[in-house]
Amino acid sequence: MIDRRQFLRASSGLLLGFGMAGIAERAAFLSRGGQTAAQSVWDELASALEGSLLLPGAPDFARIARPWNLRFTAIAPAAIARCATADDVRTCLLWAQANAVPIVARSGGHSYAGYSTTTGLMIELSQMNAVSYDAGSGRARLGGGARNADIYAALRRVGRAVTHGRCGAVGVAGLVLGGGIGFNMRLRGLTCDRLVETDVVTASGHVLHCSEQENPDLFWACQGGGGGNFGVNTSFTFQTFPVDVLTVYDITWTSNLDSLLPAALDLLPGTTERLGCKLSVVNDGMGLSLNLLGQLVGTPSELRVLLAPLYALAAPGHETIRNVPYWDGQDFLSEEGTPEYTHERSRYIYSPPPPEGSRTILDYLRSWPGTHASATWKIFLTGAAVAEVPSDATAFVHRDALMISSVELDWTADDSVGTVERNEAWLAAFHEAMRAFSSDECYQNFIDEAQTDFLHAYFGTNLARLIKVKRRYDPMNIFSFPESIPLSAGSQDSDLLAIVNSVRND
């Protein structure tokens with residue numbers, strides 16, 4: 001078996017070989033795909049892993065390689081390292097740099113823009129999905145490959161929760177690193193607000209424990225700075241909270257939407273923080289509908305009182321309201337998250353849109369060109385506990401927004417290239433039209449390859465600090481993709497020397 005110190009020596013030599021002036025060239029080389037690793041080199045990596053290495057043609061390779069967003073299925077990895085430990089992750093990172101192979105880390109594979117796939121080595125963490133709970137502290141520790149479904153299974157047993165997502169297949173890593181929204185966020189804060197510790201393997205091969213006390217700058221960046229920017233997170237520890245009984249609801253209207261939509265957008269931001277809500281206006285090819293989905297830490301009768309102004313405008317065509325134990329309620333609200341063709345574009349909203357905004361939304365949805373799937377404009381209600389945290393206390397900057405809005409376009413393999421192109425043009429126009437009623441800020445977990453000025457849109461006034469963290473922990477820009485946090489000129493050379501010297505002395 002290859003000795004892992006050989007990887008350390010190889011990596012430090014590689015860094016020195018490219019030299020101080022070659023940082024940008026090295027990053028560009030990696031982004032172009034680098035050299036193709038010979039079979040013998042892949043064999044060396046496989047022999048050094050506690051987990052397994054899959055090459056094309058191996059059982060399960062295609063299934064694991066496939067991204068959630070089917071737009072990006074043509075981007076296939078040269079190999080998949082199914083890591084079993086943090087040391088496996090470290091080995092992969094050092095091996096990849098020594099052999100000039102680009103890398104990507106994957107927890108759930110749900111990057112909206114396909115950034116969790118690569119033509120090089122995929123560092124796949126799904127086997128590192130253990131969840132443990134400490135009753136004394138109320139803390140839950142999750143492996144870096146844990147998914148929402150793993151949270152559901154583990155915390156249900158102890159009557160606890162964190163702010164989590166609805167889709168069981170989504171990786172917790174991507175969720176928390178981009179902030180993390182869910183129906184609990186108005187009462188309990190974002191997923192990243194519940195984070196108390198995380199372990200990160202950096203490009204230099206160091207395994208860093210991060211908290212407010214240890215490596216606090218990297219910990220801060222892991223609370224909303226976006227996945228794939230600084231290293232590979234191999235564990236997360238969250239402060240959980242107790243859960244009991246709540247009311248879940250799924251209510252759909254199909255009439256009087258011209259009155260209902262502006263009324264709902266005015267009503268919802270002023271409701272109790274105990275209400276979690278997603279509002280969707282959907283064109284499914286058969287017509288438009290308005291749906292409210294979510295939870296209330298309260299009773300069904302209280303929910304009906306909250307929504308009485310909407311009931312007064314029109315009777316729902318469908319309504320399900322249940323008072324159930326918390327985790328039974330999450331089963332009701334959850335979705336599988338099966339792979340699909342989709343493009344979603346987001347904007348944060350800081351004040352309720354005026355009536356003209358609602359008219360614009362409905363006009364665009366009524367003029368949708370159509371696919372074999374659907375088109376949706378939606379909002380996730382934020383505010384309350386999310387806004388109680390200062391915008392610079394974590395890397396997540398969008399604290400004062402009332403809502404996250406997005407336009408979601410879905411299609412199938414049966415839609416022609418021309419149909420998709422017409423729909424993409426419609427999506428771009430809709431996204432731009434909503435700028436007048438929202439903001440230039442976008443949710444980093446709804447990452448969008450078509451977004452202009454994306455660094456400002458995702459990170460706002462926290463960008464400069466994130467660049468400093470990037471320069472310190474990834475000075476060679478190994479963790480790089482088209483919308484990643486960039487390096488800047490200046491002090492990166494001294495940071496690089498420090499990492500090289502520490503690797504040499506390991």
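Below is a table of values for the structure above.
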{"quantity": "The lone exception for Gly108 - which of (1) in contact with a strand residue (DSSP E or B) (Cβ under 9 Å, 6 or more places away or on another chain); (2) without any contact (Cβ under 8 Å) to a residue 40 or more places away in the chain it fails", "calculated": "(2)"}
{"quantity": "Selection status of Arg186, among the charged types (D, E, K, R), in contact with a helix residue (DSSP H, G or I) (Cβ under 7 Å, 6 or more places away or on another chain), within 30 Å of Arg359 (Cβ to Cβ) and touching a residue at least 60 places away in the same chain (Cβ under 8 Å)", "calculated": "yes"}
{"quantity": "Selection count where residues are touching a residue at least 40 places away in the same chain (Cβ under 8 Å) and farther than 17 Å from Ala113 by Cβ, scope segment 396-422", "calculated": "14"}
{"quantity": "Test set (1) open to solvent by less than 30 Å² (accessible area, probe 1.4 Å); (2) part of a helix (DSSP H, G or I); (3) hydrophobic (A, V, I, L, M, F, W, C) - Leu246 fails condition number", "calculated": "(2)"}
{"quantity": "Those residues of segment 104-129 which are assigned to a strand (DSSP E or B) and either out of contact with any helix residue (DSSP H, G or I) (no Cβ under 9 Å at 6 or more places or on another chain) or surrounded by fewer than 24 Cβ atoms within 10 Å (Cβ to Cβ) (or both), in sequence order", "calculated": "Val104"}
{"quantity": "Elements of type helices (runs of 4 or more DSSP H) contained in segment 268-334, each with 2 or more residues being farther than 21 Å from Ser405 by Cβ and aromatic (Phe, Trp, Tyr)", "calculated": "326-333"}
{"quantity": "Leu290 being open to solvent by less than 10 Å² (accessible area, probe 1.4 Å), at pLDDT 95 or above and in contact with a Cys (Cβ under 9 Å, 6 or more places away or on another chain)", "calculated": "no"}
{"quantity": "Scope segment 146-166; condition open to solvent by less than 10 Å² (accessible area, probe 1.4 Å) and among the hydroxyl-bearing types (Ser, Thr, Tyr); matching residues", "calculated": "Thr163"}
{"quantity": "Test: residue in segment 40-63 that is of a type outside the set (Lys, Arg) and within 21 Å of the chain's Cα centre (by Cα)", "calculated": "no"}
{"quantity": "Residues that are open to solvent by less than 30 Å² (accessible area, probe 1.4 Å) and within 23 Å of the chain's Cα centre (by Cα), drawn from segment 89-103", "calculated": "Val89, Cys92, Leu93, Pro102, Ile103"}
{"quantity": "Selection count where residues are open to solvent by less than 40 Å² (accessible area, probe 1.4 Å) and either assigned to a loop (DSSP other than H, G, I, E, B) or within 16 Å of Ala105 (Cα to Cα) (or both), scope segment 130-145", "calculated": "4"}
{"quantity": "Residue within segment 122-130 that is at pLDDT 95 or above and touching a His at 6+ places or on another chain (Cβ under 7 Å) present", "calculated": "no"}
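The values are calculated or read from the model by the stated rules, or taken from the named source; none is laboratory data. Predicted model only: the values in this text are computed from it and were never measured. Cβ sites come from the backbone with ideal geometry, for glycine too, and all protein chains shown count toward neighbours. All accessible areas refer to the heavy atoms of the entire protein, side chains included, with ligands and DNA or RNA removed. Shrake-Rupley method; radii C 1.70, N 1.55, O 1.52, S 1.80 Å.
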